[in-house]
1. Looking at segment 283-298 only, could you name the residues that are over 18 Å from VAL56 (Cβ atoms) and not aromatic (Phe, Trp, Tyr)?
2. Which one of these is in the same structural domain as SER47 (by TED's automatic domain parsing), touching a residue at least 40 places away in the same chain (Cβ under 8 Å), within 20 Å of GLU51 (Cβ to Cβ) and of a type in the set (A, V, I, L, M): LEU107, LEU85, LEU128?
3. If a residue must be of a type in the set (D, E, K, R), touching a helix residue (DSSP H, G or I) at 6+ places or on another chain (Cβ under 8 Å) and more than 18 Å from GLU314 (Cα to Cα), how many such residues does segment 218-274 contain?
4. If I ask for residues that are surrounded by 12 or more Cβ atoms within 10 Å (Cβ to Cβ) and among the basic types (Lys, Arg), which ones from segment 24-44 would you list?
5. What number of residues within segment 109-147 satisfy the criterion of being closer than 27 Å to PHE86 by Cα, touching a helix residue (DSSP H, G or I) at 6+ places or on another chain (Cβ under 7 Å), among the hydroxyl-bearing types (Ser, Thr, Tyr) and modelled with pLDDT of 95 or more?
6. Out of (1) among the hydroxyl-bearing types (Ser, Thr, Tyr); (2) free of Cβ contacts under 8 Å to residues at least 60 places away in the same chain; (3) out of contact with any strand residue (DSSP E or B) (no Cβ under 9 Å at 6 or more places or on another chain), what's the single condition that is false for THR207?
7. Is it true that some residue in segment 347-357 is farther than 23 Å from TYR229 by Cβ, charged (D, E, K, R) and part of a helix (DSSP H, G or I)?
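The values are calculated or read from the model by the stated rules, or taken from the named source; none is laboratory data. Please read all numbers here as calculations on a predicted model, not as lab measurements. Cβ placement follows ideal geometry from the backbone for every residue including glycine, while neighbour counts extend to all protein chains displayed.
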Amino acid sequence: METKDLGIYIHIPFCVRKCAYCDFLSYGVEAANEFGIKDIHRAYIESVIAELGSYVEKCNDRNIATIYIGGGTPSILDSSLMLKLFDYIKENYRVNDNAEITIECNLGTTNIEKFKAYKNAGINRLSLGLQSTDNAMLKILGRVHTYEEFLKQYEDARSVGFDNINVDLMSALPNQTVDMYVNDLTNVIALNPEHISSYSLIIEEGTHFYNNPEIINNLPSEDDAVRMYELTNEYLANAGYNRYEISNYAKNGYESRHNSSYWKLTDYIGVGLGASSYFEGVRYKVHRNLKSYISGDYHHEEVEEISNKDSMEEFMFLGLRMMEGVKCSDFKRRYGVDIESVYGEVIEKHINLGNLIKTQSHIKLSAEAIPISNQVFVDFML
C-alpha cells in the first residue's frame, strides 16, 4: 500500500506583544503572565508533545512531508524547548529526509545562537515577519523591532546557513504612500530572500486597529491600495519571483510546500491551542482555553465530517488560489467524476466573463480576476 504524506502544523500562541493588526490566537508576555502558570512556555511545549503523542498511532502509516511552527511568535521560546519538541517528533514520527520544516520568527526574539539551534533541530526554512522597512510604520503596527535590527538578524540567519527564507511584507498600511511601499519592495528585493509573502492590511474585528478612527481615517485610498498591489506583482516578477498563489511569490523551487498542501487539500494535523486539522475527510479544531490545554485537555471544539459536496467546493476555491489553478485530472481522481459534470456551467460563465482560463489540463484564474477572486469563488458553492 502506498504511504501517504502528511503535514504537521504546531501553534505557539506567545508573543512579546500582540501587534495592533493581529487577530490570531496569541498572548503578549503580560497577558500570558496573567495565567499564573509557572514556566508557561515549558508547560505549553510539554502539552504540545503530549498532544502529538495522541496522534502517533493514527499517523504511523504516514510520512511527514512538512512541519510548520506558527503563532504567535514561536521564536520567543527558549531554543532548548524547540530542540525538545523536534527530538520527540523525530523519535515518534517518520519524517521524510527532504521534509520542509519551517519556523516563524519575529525579530527581537532571535539571535545567532537560536538560529544555530534551529539548524541543529532540523529546521530548514525561516519565515521572518518584517511587514515594513519603515521604522515609523513598524511602530504604528506595534512591531517590537526596527528595520536595522531585522537586517542584522537576517544576516545572522544567512551566516548560519539558512538558504530558504521567507519575508512577510504588508501594504495599504495607515499613512503609507505608494512611494513608501515601493521603497519597502525595493529594500526587500535587495535582500534576495527565496520567498516573499505580500498581504494587504485587512482591519479585523477585535484588533487594536478595529474602530480606531486614527487608523481608519488614514488608510490609503482604494486607488493607492490597488496601485501597491499592481506594483508588488510588477517588481517581484522583474526580480525573478514567480507568483504561485494569490499572496505568495517564490524563486523557482522555493514555493512553500506546507502552505501549498493546504491549497491542494492534503491531509495535515494541527497541534496546539486553537490549531485546525484536516485528516481523512474530517476537519477539527483544538479548543482555545490555554489553562485547560496546559492541564492536559486537548479536546476538539469543532468536528466536521466533510461531505463530498463540501470537499468539492473547498478543492475548487482553495485550488484556484494557486496561479496554476485546479488540475482537472486531480478532480476526477479525487471525486470520480469529470469537473465539467459538476461545475461546467460555472466554468463556462467565468470563462465568458474573462475570469477563468481553461488549458488542456487546468482551470485557473485570469490575471484580471485575481483582485476579485472572492466573487469568482462564491460561484463554486454548490
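1. Looking only at segment 283-298, we keep the residues that are over 18 Å from VAL56 (Cβ atoms), and these are 283, 285, 287-295, 297.
Hits for segment 283-298 are ARG283, LYS285, HIS287, ARG288, ASN289, LEU290, LYS291, SER292, ILE294, SER295, ASP297.
2. Working: LEU107 fails: within 20 Å of GLU51 (Cβ to Cβ); LEU128 fails: within 20 Å of GLU51 (Cβ to Cβ).
It is LEU85.
3. 3
4. ARG42
5. Counting residues in segment 109-147 that are closer than 27 Å to PHE86 by Cα, touching a helix residue (DSSP H, G or I) at 6+ places or on another chain (Cβ under 7 Å), among the hydroxyl-bearing types (Ser, Thr, Tyr) and modelled with pLDDT of 95 or more gives 1.
6. (2)
7. Initially, segment 347-357 is screened for residues farther than 23 Å from TYR229 by Cβ, giving 347-349, 351-352.
Next cut, charged (D, E, K, R) only: 348-349.
Pick out the ones that are also part of a helix (DSSP H, G or I) and you get 348-349.
Checked segment 347-357: at least one residue is farther than 23 Å from TYR229 by Cβ, charged (D, E, K, R) and part of a helix (DSSP H, G or I).
Okay, residues lined up against (1) among the basic types (Lys, Arg); (2) out of contact with any His (no Cβ under 6 Å at 6 or more places or on another chain); (3) in contact (Cβ under 8 Å) with a residue 40 or more places away in the chain; (4) under 30 Å from LEU83 (Cα atoms):
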site: ASP163; (1), (2), (3), (4): no, yes, no, yes
site: PRO174; (1), (2), (3), (4): no, yes, yes, no
site: ASP184; (1), (2), (3), (4): no, yes, yes, no
site: ALA190; (1), (2), (3), (4): no, yes, no, no
site: TYR199; (1), (2), (3), (4): no, yes, yes, no
